[in-house]
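Quick note: the coordinates plus some simple rules give every number you see, no bench work behind them. Remember, predicted model here, so these are calculated numbers, not experimental data. Here the Cβ positions follow ideal geometry from the backbone for every residue, glycine too, while neighbour counts run over all protein chains shown.
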Amino acid sequence: MTSTTSLTRLAPEKRLSGAVIHNGLIYLAGQVADDASLDAQGQMADILQQVDALLAEAGTDKSRLISVQIFLANMADMEGMNRAWDAWLDPMNKPARATVEAKLADPDWKVELTGIAALP
């Protein structure tokens, strides 16, 4: 974790931070599966574990998600992705969500997720 006056950067890497905290919000960078050999449901479950970890590191959780954007390499994977999402989602605190088909940076990735959550 690195911090400046009003910004905290979590999981900094060569080109990006996994998340940035600013003014009571946590902005998640695009999260992709660590194991790209998984199907869309498996990749989404992997991504959601990463999201849980980043939110916990920031001191918040999925119940505080405000907005989520999901990118699918192929809309045919929507059903599998939604199975993982539905199993993980806090049914009392559903974020706004958009799901689109997009060409992802690695052809093995089937799902990418980004979002914004509030801190307590």
Of residues in the range 52-63 being crowded, with 17+ Cβ neighbours inside 10 Å and within 13 Å of the chain's Cα centre (by Cα), the one nearest to Ser17 (Cα to Cα): Leu54
Inter-residue pairs, beta-carbon under 6 Å, first under 16 Å from Met44 (Cβ atoms) and in the range 93-109, second among the basic types (Lys, Arg) and part of a strand (DSSP E or B), 6+ apart: none
Members of the range 64-120 that are in contact with a helix residue (DSSP H, G or I) (Cβ under 9 Å, 6 or more places away or on another chain), among the polar types (S, T, N, Q) and under 22 Å from Ile21 (Cβ atoms): Asn93
